[in-house]
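K.L.:
Would you mind keeping the following structure in view while I ask a few things?
The values are calculated or read from the model by the stated rules, or taken from the named source; none is laboratory data. Fair warning: this is a prediction, and the values are worked out from it, not measured in the lab. As a convention, Cβ positions derive from the backbone with ideal geometry for all residues, glycine included, and neighbour counts pool all protein chains shown.
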Amino acid sequence: MIAENLPVLPIVLPILAAPLCVILHRPRLAWPLAVAVAWATFGVCCALLARVLADGTISYQLGNWAPPFGIEFRVDSLNAWLMPLVSGVGALVLTYAPRSLAAEVARSRHGLLYGVYLLSMTGLLGMTVTGDAFNVFVFLEISSLSTYALVSMGPDRRSLMAGFRYLIMGAIGGTFFLIGVGLLYMKTGTLNMADLAERLPAVKDSRTVLAGLGFLATGLSLKIALFPLHLWLPSAYTFAPSAVTAFLAATATKVSVYIVLRFFFTIAGVGESLGNGAVREAIMLLALVGIFVASLVACFQQEVKRALAYSSVAQIGYILVGVTMLTVDGMTGALVHVFNHALMKGGLFMVLGCVVARVGGSRLSDLRGIGRRMPLTAIAFVIGGLGMIGVPATVGFVSKWYLVLGALEAGLWHVAAMMLVSSLLAVVYVWRVVEVMYFQEPEDAPEIDEAKTDEAPFGMLLPTLVMIGATIWFGLDTDLTVDVARRTAAMLLGGGS
Amino acid sequence: MSTFVGLYNYWIVIVLMMAGLYTVIAKGNLVKKVIGLNLFQTSVILFYVGMGKVEGGTAPILVHGDGAEEVVYSNPLPHVLMLTAIVVGIATTAVALALVVRLNEAYDSIEEDEILEQDPTT
Amino acid sequence: MREYTVPRVVAKILIPYILLYALYVQFHGDFGPGGGFQAGVIFAAGVILYALLFGLAAARRVVPPDVVRVLIAFGVMLYGGVGVATMAKGGKFLDYGVLAHDPVHGQHYGILLVELGVGITVTAVMIALFYAFAGRRSA
């Protein structure tokens, strides 16, 4: 029963556990269930990845309806590779969540929060696994709606406005996506992705299809927070509960990047046909401007969460620059960076969650003296920060290496140079935090004992260290990530019809 | 001329869509924003339903008896898809209005500029 | 609305028929237009009409919020449970054909249960939304 239904289990497990969490309601009952289910989902996703790597693409027909009519779940190396990431980060953050939430959200709402969190995970996994264009929209909305609720549960009233802004932008993005899918359906008469890929080349130049792709691109740009459509992101990440931020920063935009790759490479094959087109250059330009502007803005933030949020906008820029190079190395870099950035940013936000749980805030002034008070937490931040800069032996280096390699291969010397220069900006915004943590004394707390440490609870610290440890592990052992990414990149660029 | 008259349903969709999008962008009142968003989403429903119409087609319910083979049905798939989109729209509206209620309790206002005055960093 | 006798009497007569009509739409969904979404909204409309005329407190006595919360979850789980049952019987997720010996009967049971789940959840969600907005003290 489990083996043949593997592709559908990552959806079924969390979506059935979510209502159970709502029924149980008490955090003490709901949390163990949610965590167990999240880890089980992670296990299933890993099994799925192993199966895809061994046997190739898996197709699963929901309700046993044949593909063009029924909904098909289709797992190839591109999405099989993303699913363990989403479910793994989801499970790890959920393990970390209760202690972190205790400081930020009223306890009576924890049970519901776990339910909504699982729904959000369901939506993200569903977007990844499905092979039906409209089904993507449904799962997109499941994940978005639950995300709006999660963001607005933040500790501060400003989280409400952040959630509302996110909702308006997200709903517009989702609706643009829906219009795009509608226009493609109008011309091809099918919603199945494999079918679409077959029928689109014949009508590629029709105005309907071009308009449809334009709507898709705009809607998805909103969802991935491509500069200048990123305005919802910094506030949402800053004011959401820390655990929620860690989960969102690691997964939400990454899954949207996957949808972009799916639609524009495997379905439309635009990556190929726009080889030297203006659209490609425009997106690359926006991505590069985004890297610089967002990194620069990050350097001037007093709130560290917000600085990291702007850095996320910049990282999306790196990923898109890699995608638009249209070389195997560039695409490999982009794919690896999706994975690596999820680990780094998830880890960094988890570190900040630890600080918030102990100190009560994550402004620069709150971080004074953390290096002595919470040594392990501070070291975790330093390692994560080194990754953001791209220092060798961290994951950040691996992705930047392939991105620069890809740029050189494509003959884009100036792009390679710009990526290296922009890393210096990362040095600035990471160093500001590190300096405050290690070299500034807290003003108002002179009575703190020099030798005494005051780390976050073990239940928070351990997942944080695991996540940060993973950034070193995958920085040293690149076999898994780079190999799969390279295979996938070759598939995207070669098989893009 | 035929672009204007022959495709009138799409013109209606576009006018509604842009009216909705304009309301979302231009209005400072949060409830008006939600209404604009609703209008925007509803125009897409109209777009899909219009797309599924087959000339001379009837409701897609199986007809038995004489002449059953000659009956032309409208394409039911876009309608089914829009059933889902309606539900999504309701859910979005409900979450949005819930947030507006909470914002009103927290700031005593549903005007965006007044809220920003109280909390400039959002 | 306590002082208006006519709407209250009319509602008392109408509400049973509204609920009955909702059940008709729900269970006739196999043979004609209808189904869980529409039936759920109609059923909830009956409860909301009651709440409008007889007060929120009275409605909450009839349909307590805790029950509503459980029903929201129960409907989703009924839907998913059908899917799990089909997987347990050796079919694909939501492959109703395997639910009975005769695939046609299986399809019938499957869609009936799934639509029931949808109907229950939609009813409960609509009532919950009404409670959530109506029960808020105005600032």
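K.L.:
Within the range A:1-11, take every residue that is touching a helix residue (DSSP H, G or I) at 6+ places or on another chain (Cβ under 8 Å) and more than 8 Å from every other protein chain (Cβ to nearest Cβ) and give me the one that is surrounded by the fewest Cβ atoms within 10 Å (Cβ to Cβ). Step through it out loud before you land on a result.
P.N.:
Going through the range A:1-11, the residues touching a helix residue (DSSP H, G or I) at 6+ places or on another chain (Cβ under 8 Å) turn out to be A:1-2, A:5-11.
Next, from what is left, pick out any that are more than 8 Å from every other protein chain (Cβ to nearest Cβ): A:2, A:6-7, A:9-11.
Numbers: A:I2: 9, A:L6: 18, A:P7: 27, A:L9: 22, A:P10: 30, A:I11: 26.
So the residue we want is A:I2.
K.L.:
Working carefully through the options C:G32, C:G40, C:G36, C:G46, find the one that is under 30 Å from B:H79 (Cβ atoms), surrounded by fewer than 13 Cβ atoms within 10 Å (Cβ to Cβ) and not basic (K, R). Steps first, please.
P.N.:
Details: C:G40 fails: surrounded by fewer than 13 Cβ atoms within 10 Å (Cβ to Cβ); C:G36 fails: surrounded by fewer than 13 Cβ atoms within 10 Å (Cβ to Cβ); C:G46 fails: surrounded by fewer than 13 Cβ atoms within 10 Å (Cβ to Cβ).
Just a single option satisfies the conditions, and that option is C:G32.
K.L.:
Look through the range A:146-160, keep the residues that are surrounded by fewer than 23 Cβ atoms within 10 Å (Cβ to Cβ) and at the interface with chain B (Cβ under 7 Å from one of its Cβ atoms), and return whichever of them is modelled with the highest pLDDT.
P.N.:
A:A149
Condition check ((1) under 22 Å from A:P228 (Cα atoms); (2) without any contact (Cβ under 8 Å) to a residue 40 or more places away in the chain; (3) under 14 Å from the mean Cα position of the chain (by Cα); (4) surrounded by fewer than 24 Cβ atoms within 10 Å (Cβ to Cβ)) across all residues:
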residue	(1), (2), (3), (4)
A:I291	yes, no, no, no
A:T327	no, no, no, yes
A:T332	no, no, no, no
A:A342	yes, no, yes, no
A:R373	no, no, no, yes
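K.L.:
Can we say B:V80 is modelled with pLDDT under 90, surrounded by fewer than 16 Cβ atoms within 10 Å (Cβ to Cβ) and not in a loop (DSSP other than H, G, I, E, B)?
P.N.:
On the way: modelled with pLDDT under 90: yes; surrounded by fewer than 16 Cβ atoms within 10 Å (Cβ to Cβ): yes; not in a loop (DSSP other than H, G, I, E, B): yes.
Yes; evaluated as a whole, the condition is true for this residue.
K.L.:
Please name all residue pairs, on different chains or six or more residues apart, with Cβ atoms under 8 Å, provided the first residue is in the range C:92-103 and is more than 9 Å from chain A (Cβ to nearest Cβ) and the second residue is assigned to a loop (DSSP other than H, G, I, E, B).
P.N.:
Pairs that qualify, where the first residue is more than 9 Å from chain A (Cβ to nearest Cβ) and the partner is assigned to a loop (DSSP other than H, G, I, E, B), are C:L99/C:K89.
K.L.:
Consider C:V62 carefully, then state whether it is within 14 Å of chain A (Cβ to nearest Cβ), without any contact (Cβ under 8 Å) to a residue 60 or more places away in the chain and surrounded by fewer than 19 Cβ atoms within 10 Å (Cβ to Cβ). Break it down stepwise before answering.
P.N.:
Values: within 14 Å of chain A (Cβ to nearest Cβ): no; without any contact (Cβ under 8 Å) to a residue 60 or more places away in the chain: yes; surrounded by fewer than 19 Cβ atoms within 10 Å (Cβ to Cβ): yes.
Criteria not met by C:V62.
K.L.:
Can you tell me which residue is nearest to the chain's Cα centre (by Cα) among those in the range C:77-91 that are at the interface with chain A (Cβ under 8 Å from one of its Cβ atoms) and of a type outside the set (V, I, T)?
P.N.:
Only one residue tops the list, namely C:M77.
K.L.:
Let me ask something else about it. Which members of the range A:185-200 meet the condition of being more than 9 Å from chain B (Cβ to nearest Cβ), touching a Phe, Trp or Tyr at 6+ places or on another chain (Cβ under 9 Å) and part of a helix (DSSP H, G or I)?
P.N.:
Answer for the range A:185-200, where residues must be more than 9 Å from chain B (Cβ to nearest Cβ), touching a Phe, Trp or Tyr at 6+ places or on another chain (Cβ under 9 Å) and part of a helix (DSSP H, G or I): A:M193, A:L196.
K.L.:
Name the residue that is nearest to the other protein chains (Cβ to nearest Cβ), counting only residues in the range B:6-22 that are buried (at least 18 other Cβ atoms within 10 Å of the Cβ) and without any contact (Cβ under 8 Å) to a residue 24 or more places away in the chain.
P.N.:
B:L21
K.L.:
Go through the range B:23-48 and report how many residues are under 22 Å from B:I12 (Cβ atoms), of a type in the set (G, A, S) and surrounded by fewer than 19 Cβ atoms within 10 Å (Cβ to Cβ).
P.N.:
Of the residues in the range B:23-48, 1 are under 22 Å from B:I12 (Cβ atoms), of a type in the set (G, A, S) and surrounded by fewer than 19 Cβ atoms within 10 Å (Cβ to Cβ).
K.L.:
Is it fair to say B:V63 is touching a helix residue (DSSP H, G or I) at 6+ places or on another chain (Cβ under 9 Å) and of a type in the set (V, I, T)? Full working, then the answer.
P.N.:
Numbers: touching a helix residue (DSSP H, G or I) at 6+ places or on another chain (Cβ under 9 Å): no; of a type in the set (V, I, T): yes.
Considered against the rule, which asks whether it is touching a helix residue (DSSP H, G or I) at 6+ places or on another chain (Cβ under 9 Å) and of a type in the set (V, I, T), B:V63 comes out as no.
K.L.:
I've got another one for you. Pull out all pairs, ordered by first then second residue, where Cβ-Cβ is under 9 Å, the residues are six or more apart or on different chains, the first lies in the range A:20-42 and is within 15 Å of A:V105 (Cβ to Cβ), and the second is hydroxyl-bearing (S, T, Y) and surrounded by fewer than 23 Cβ atoms within 10 Å (Cβ to Cβ).
P.N.:
That search, which allows pairs on different chains as well, returns A:H25/A:S108; A:P27/A:S108.
K.L.:
Would you mind stating whether A:P14 is in contact with a Ser or Thr (Cβ under 7 Å, 6 or more places away or on another chain), within 14 Å of another protein chain (Cβ to nearest Cβ) and crowded, with 24+ Cβ neighbours inside 10 Å? Step through it out loud before you land on a result.
P.N.:
Numbers: in contact with a Ser or Thr (Cβ under 7 Å, 6 or more places away or on another chain): yes; within 14 Å of another protein chain (Cβ to nearest Cβ): yes; crowded, with 24+ Cβ neighbours inside 10 Å: yes.
Judged against the criteria, A:P14 is a match.
K.L.:
Output the residue which, of all residues in the range B:26-35 that are more than 9 Å from chain A (Cβ to nearest Cβ) and in a helix (DSSP H, G or I), is modelled with the lowest pLDDT.
P.N.:
As a first pass, look at the range B:26-35 and keep what is more than 9 Å from chain A (Cβ to nearest Cβ): B:26-29, B:31-32, B:35.
If we keep only those that are in a helix (DSSP H, G or I) too, we end up with B:26, B:31-32, B:35.
Values: B:A26: 91, B:V31: 94, B:K32: 94, B:I35: 95.
Checking each candidate, the answer is B:A26.
K.L.:
Separate question: Going by the structure shown, is B:V49 of a type in the set (V, I, T), at negative phi, more than 10 Å from every other protein chain (Cβ to nearest Cβ) and under 15 Å from the mean Cα position of the chain (by Cα)? Even if it seems obvious, please write down each step before you answer.
P.N.:
Details: of a type in the set (V, I, T): yes; at negative phi: yes; more than 10 Å from every other protein chain (Cβ to nearest Cβ): yes; under 15 Å from the mean Cα position of the chain (by Cα): yes.
Here the answer is yes, as B:V49 does meet what is asked.
K.L.:
What tally of residues in the range A:111-143 results from selecting those that are more than 14 Å from chain B (Cβ to nearest Cβ), hydroxyl-bearing (S, T, Y), out of contact with any Pro (no Cβ under 6 Å at 6 or more places or on another chain) and within 16 Å of A:V8 (Cα to Cα)?
P.N.:
Looking only at that region, the number is 1.
K.L.:
Among the residues that make up the range C:22-29, is at least one of them in a helix (DSSP H, G or I), away from chain A (no Cβ under 14 Å), surrounded by fewer than 19 Cβ atoms within 10 Å (Cβ to Cβ) and of a type in the set (G, A, S)?
P.N.:
no
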